[in-house]
Amino acid sequence: NAIKLGTATFGPVTNVVIRNNRVDYARLGGLTIASVDGSVVRDVLVQDLELHEVGQPIFVRLGHRATGRPVGSIDGVRIERARAYKSHGKNYRTGIIGESSITGIPSARVRNVVVKDCFLEAPGGLQNVPPLPVENPAHYPQSDMFKNTPGYAFFVRHADGVVLEDITVSKLAPDVRPWLSEVNAKVEQINCREAGPIATGATPGKDEVKTP
């Protein structure tokens, strides 16, 4: 993983700013924000993040693996101006997985995550829509833990107040899945769109946009 909050977080983690970073190749998560051991994670701001050839660009995970501890929370994450180019999803254990995800568990929901003005280039390549991933609430929060999901760019489950605004997604290979899969979640989409493949380092423009 490249930039990661967690895994072992027990106390509160609040008012975090991650700004002006570039990642060149990460086999797993480019940006990981996790609470699985009871931590209260609140008010995290990520701005101006460039990701080149990472496995999974964005991974936000609320789980519960700590026996005897109360479940934690993730409430208030804002990701602005993230660009993920040529996400590869190459994984020696599980094949090609390049989806971003925002997930809680049935007993604890992620809340208030805003992803704004971002471009995500996913590997794509599936010819069939996979079934829903198993929950695994106590699983180690690795960004590839869900394997392939029913959405080629984003998988959102057990979450409230998720806003995807001015998001452009692209896939490097044809894929039968929609770009977004939401399960037991409240996701607001504002001006989101799909684009064709874009050269590494380019900034997606209106002339590249296809009908969503």
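Here are a few things to note about the model shown:
- Enumeration of residues in the stretch 104-118 that are part of a strand (DSSP E or B) and surrounded by fewer than 22 Cβ atoms within 10 Å (Cβ to Cβ): 105, 108, 111, 112, 114, 116, 117
- From 41, 46, residue being under 13 Å from residue 79 (Cα atoms) and open to solvent by less than 70 Å² (accessible area, probe 1.4 Å): 46
- If you go through the stretch 155-175 and pick out every residue that is more than 29 Å from residue 106 (Cα to Cα), surrounded by 16 or more Cβ atoms within 10 Å (Cβ to Cβ) and of a type in the set (A, V, I, L, M), you end up with 1.
Condition check ((1) modelled with pLDDT under 95; (2) under 21 Å from residue 149 (Cα atoms)) across all residues:
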residue	(1), (2)
69	yes, no
89	yes, yes
92	yes, yes
99	yes, yes
102	no, yes
108	no, yes
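- Residue match in the stretch 189-207 (condition: on the phi < 0 side of the Ramachandran plot, among the aliphatic types (A, V, I, L, M) and at pLDDT 95 or above): yes
- Residue among 87, 101 that is part of a loop (DSSP other than H, G, I, E, B), under 15 Å from the mean Cα position of the chain (by Cα) and of a type in the set (Ser, Thr, Tyr): 87
- If the condition is being assigned to a loop (DSSP other than H, G, I, E, B), small (Gly, Ala, Ser) and open to solvent by 20 Å² or more (accessible area, probe 1.4 Å), then the stretch 53-83 contributes only 68.
The values are calculated or read from the model by the stated rules, or taken from the named source; none is laboratory data. Predicted model, so just to flag it, every value in this text is computed and none were measured. Methodologically, a virtual Cβ is constructed for each residue, glycine included, from the backbone with ideal geometry; neighbour enumeration extends over all protein chains shown. In case anyone asks, the SASA skips ligands and DNA or RNA and just uses the protein heavy atoms, side chains included. Shrake-Rupley method; radii C 1.70, N 1.55, O 1.52, S 1.80 Å.
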